[in-house]
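*Asks:* Starting off with a structure, shown below.
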Amino acid sequence: VQLQASGGGTVQPGGSLRLSCAASRSISSIAVMAWYRRAPGKQRELVASITRGGITNYADSVKGRSTISRDNSKNTMYLEMNNLKPEDTAVYYCYAMEYDGGNYWGQGTLVTVSS
């Protein structure tokens, strides 16, 4: 499956963004989808994940400020981020893992939080 991330941009601290990850085919059978990010000079980290059954998990750094969701009818996953902070600045990548272990990465979308 090919993943296309979008929705990044520059936003002021305290602002909001919604990232989208569009898949090239149905995601209804994909076991887990997730958002990762890589900030300048740092390692890639998991931001949030969602299972096929809708169970979500968040990094402590974004918990309470972010919501991950998936719309199987649109083959799309989302990440709503609120109260953005400068430390949220990073390239955000979407990820999908199938039950047979196949895994896929999107190309990334840049989020910059700056005044």
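The values are calculated or read from the model by the stated rules, or taken from the named source; none is laboratory data. From a predicted model like this one, the values you see are computed outputs, not experimental measurements. Heads up, the Cβs are rebuilt from the backbone with ideal geometry, glycines too, and the neighbour counts pull from every protein chain shown. Ligands, DNA and RNA are stripped out before the accessible areas are found, and what is left, the full protein with its side chains, is counted by its heavy atoms. Shrake-Rupley method; radii C 1.70, N 1.55, O 1.52, S 1.80 Å.
*Asks:* Please report the orientation-averaged projected area of the stretch 32-115, defined via the convex hull of its C-alpha atoms, in nm².
*Replies:* Values: hull surface 24.3 nm².
So the mean shadow area of the Cα hull is 6.1 nm².
*Asks:* If you build a Gaussian network model of the chain, linking Cα atoms that sit under 10 Å apart, which residue out of 99, 36, 58 swings the most?
*Replies:* For the chain, modelled as a Gaussian network with Cα springs under 10 Å, the answer is 99.
*Asks:* Separate question: Sorted by accessible area with a 1.4 angstrom probe, largest first, how do 37, 18 fall?
*Replies:* Details: 37 10, 18 130 Å².
Greatest to least solvent exposure: 18, 37.
*Asks:* For the chain, with every protein chain kept in place, what is the accessible area per residue (1.4 Å probe, Å²)? Please list the in-between numbers first.
*Replies:* Working: 5890 Å² over 115 residues.
Accessible surface, normalised per residue, equals 51 Å².
*Asks:* Same structure, new question: If you average the C-alpha positions of the stretch 77-115 and of the stretch 25-52 separately, how far apart do those two centres end up, in angstrom?
*Replies:* Here the two parts' Cα centres lie 7 Å apart.
*Asks:* Express the carbon and sulfur contribution to the solvent-accessible surface of the chain as a percent, rounded to the nearest whole number, probe 1.4 angstrom. Numbers along the way, then the final one.
*Replies:* On the way: 2680 of 5890 Å².
Reported share for carbon and sulfur atoms: 45 percent.
*Asks:* Now for a separate question. Considering the zone a paramagnetic label at residue 115 would reach in this model (a point 7 Å from Cα along the Cα-to-Cβ line), which residues of the stretch 8-42 have amide N under 19 Å from it?
*Replies:* Inside the label zone: 10-17.
*Asks:* With every protein chain left in place, what is the accessible area of residue 50 in Å² (1.4 Å probe, nearest 10)?
*Replies:* Spelled out: residue 50, probe radius 1.4 Å, area about 10 Å².
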